[in-house]
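The values are calculated or read from the model by the stated rules, or taken from the named source; none is laboratory data. Just so we're clear, the structure is a prediction, and the values are computed from it rather than from any experiment. Here the Cβ positions follow ideal geometry from the backbone for every residue, glycine too, while neighbour counts run over all protein chains shown. Side chains are part of the model used for accessible areas, which takes the heavy atoms of the whole protein and leaves out ligands, DNA and RNA. Shrake-Rupley method; radii C 1.70, N 1.55, O 1.52, S 1.80 Å.
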Amino acid sequence: MLNRLTISELSQKLARREVSAREVMQACLDQIQRVEGKLHAFISYNGADALAQADVADKALAAGARKPLLGIPVGMKDVLAVKDHPLNCGSKILGSFTSLYDATAVSKLREAGAIIFGRLNMDEFAMGSSTENSGFGPASNPWDTTRIPGGSSGGSAVAVAADECIGTLGTDTGGSIRQPAALCGCVGLKPTYGRVSRYGLVAFASSLDQIGPFSKTVRDSALILNAISGYDPCDSTIIPEPVPDYTAALTGDIKGLKIGIAKEYAVGGLDAAVNSAVQNAVKHLEKLGAEIVEVSLPHTEYAVATYYIVATAEASANLARFDGIRYCARVEGADPIELYCKTRGAGFGAEVKRRIILGTYVLSSGFHDAFYVRAQKVRTLIRQDFLNAFQKVDAIVTPTSPTPAFKIGEKADDPLQMYLSDIFTISANLAGIPGISIPCGFTANPQLPIGLQLIGKPFGEETILKIADAYERTTPWHKEKSPLS
Ligand code: GLN
């Protein structure tokens, strides 16, 4: 059962040549054969291509090459460009489009030796919290297949939680890495805005989007972050900070670190089991030597509204490129306007249309100042709240999601309820700061994972990884396997 192991475990075995990359990849493919019919984590994958990459890795290993991810299969959310692989963004509108180049995160993973594998299911253009908005049908939660896995990177979380991949990449615009990681019981990290290049990531909301890892352990996320971070001349928003070795921060020692609890996060609607798991986690962090400090983030109540103005405005501009002229799934019309309307009408799903309409409205003349410009100002206040809080603390702890995984269909007709499920994750995107979700317990019946979020300062990934790792070393939650793993 090599597919059940972590990156750290496998890379040792690969380096000692106790196992081959082909065997590891084959174990993942066998697991996919066994469970994918129930999960639908992938939109597509190419096993032969993956095995061919594994053979190349095995040759390199035989020749003595040692790289951090050499021979490790890493799955890709369907919004990241991989040369010659299909790229659909969970949408029907792209038809049979294939990528002409690798995203920078992908080429950096290749340099680190990873096997780039599969197209993971997602909400269309990353808009959603449940993967129900996928143009290819929903994915299921491996802990209970009648439930959603979270979203939008649902497939990326499911593939790790069900041991179909060893690690995966997702993207997070308002919580799309952290929330599905929480709901599926794995680790998910959204880096600081500008830490990881967005070149080759199809944009949803360019000022919020960030690529990050899903993994079975905190150490594995640190290993993937090491590989994908850093300067890229193709992304003008990358911040050219040096990339530390994130695993060096994982000392297990968090004595004296100050961890904040925001009083504004004591919101109604928090599930009782989630609440008690998070309270226990906070006590545990205190036992490990952290000091718990109350902080205030006074503009929290405006975060969801601000996000749904900024994100939809940017989406309406970014998605204008899908016009049927340059990309595949064209529906012909008598003139260009009719062609655009028919192509976009047929190709986009309901949620994407809703966002484009909302975004166009908040940018339209007469409303631009009242909505978009005001939202930008509130966004600055939200960032300032965090910078003030980080004068007092090293990290902030919250639940990742207010509830565990809900039933497929339960919130599908109520977009507002769906939007509110992002309440704890959205602010980090608005502020551009890093956040990680780690397993911190389960609901009783049915057994569903609960996630704990740690939010850090700008470029504070080392600190949140350190705290997350110290917690993980001394708790059992991450070792529990879903019934479908
Ligand atoms: N759930 C949020 C949304 O629907 C966040 C999505 C994301 O992070 N991509 O926009």
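Scanning region 366-419 for residues that are among the acidic types (D, E) and either surrounded by fewer than 13 Cβ atoms within 10 Å (Cβ to Cβ) or assigned to a helix (DSSP H, G or I) (or both) returns D369, D385, D413, D414.
Can you pull out the residues in region 207-222 that are away from the ligand (no atom under 16 Å from the Cβ) and open to solvent by less than 10 Å² (accessible area, probe 1.4 Å)? The answer is S215, V218, D220, S221, A222. Within region 389-424, the set of residues being away from the ligand (no atom under 12 Å from the Cβ) and acidic (D, E) comprises D394, E410, D413, D414.
In this structure, P149 does not satisfy being surrounded by fewer than 24 Cβ atoms within 10 Å (Cβ to Cβ), within 16 Å of S421 (Cβ to Cβ) and modelled with pLDDT of 95 or more.
Scanning region 274-287 for any residue that is part of a loop (DSSP other than H, G, I, E, B), without any contact (Cβ under 8 Å) to a residue 12 or more places away in the chain and open to solvent by 60 Å² or more (accessible area, probe 1.4 Å) turns up nothing. Checking each residue in region 229-241 for being in contact (Cβ under 8 Å) with a residue 12 or more places away in the chain and under 17 Å from I433 (Cα atoms) picks out S229, G230, T237, I238, I239, E241. Scanning region 311-334 for residues that are open to solvent by 70 Å² or more (accessible area, probe 1.4 Å) and more than 21 Å from A203 (Cα to Cα) yields a total of 2.
Table: residues versus (1) open to solvent by 10 Å² or more (accessible area, probe 1.4 Å); (2) at pLDDT 95 or above; (3) not in a strand (DSSP E or B).
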site: I433; (1), (2), (3): no, yes, yes
site: S437; (1), (2), (3): no, yes, no
site: I464; (1), (2), (3): no, yes, yes
site: A468; (1), (2), (3): no, yes, yes
site: H478; (1), (2), (3): yes, yes, yes
site: L484; (1), (2), (3): yes, no, yes
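One residue stands out in region 255-273 among those that are surrounded by 12 or more Cβ atoms within 10 Å (Cβ to Cβ) and more than 25 Å from the chain's Cα centre (by Cα): the one that is nearest to A470 (Cα to Cα), namely L257.
One line per residue, one yes/no per condition, for (1) touching a strand residue (DSSP E or B) at 6+ places or on another chain (Cβ under 9 Å); (2) open to solvent by less than 10 Å² (accessible area, probe 1.4 Å); (3) on the phi < 0 side of the Ramachandran plot:
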| site | (1), (2), (3) |
| --- | --- |
| G64 | no, no, no |
| P73 | yes, yes, yes |
| V79 | yes, yes, yes |
| E111 | no, no, yes |
| I115 | yes, yes, yes |
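For L201, the test of being open to solvent by 10 Å² or more (accessible area, probe 1.4 Å) and within 13 Å of the ligand (Cβ to nearest atom) is passed. For first residues located in region 396-409 and within 13 Å of Q279 (Cα to Cα), partners that are open to solvent by 10 Å² or more (accessible area, probe 1.4 Å) and modelled with pLDDT of 95 or more and lie 6+ apart or on another chain with Cβ distances below 7 Å form the pairs V397/I261; V397/V282; P399/V278. The selection criterion, being more than 16 Å from the ligand (Cβ to nearest atom), part of a helix (DSSP H, G or I) and surrounded by fewer than 14 Cβ atoms within 10 Å (Cβ to Cβ), does not hold for E294.
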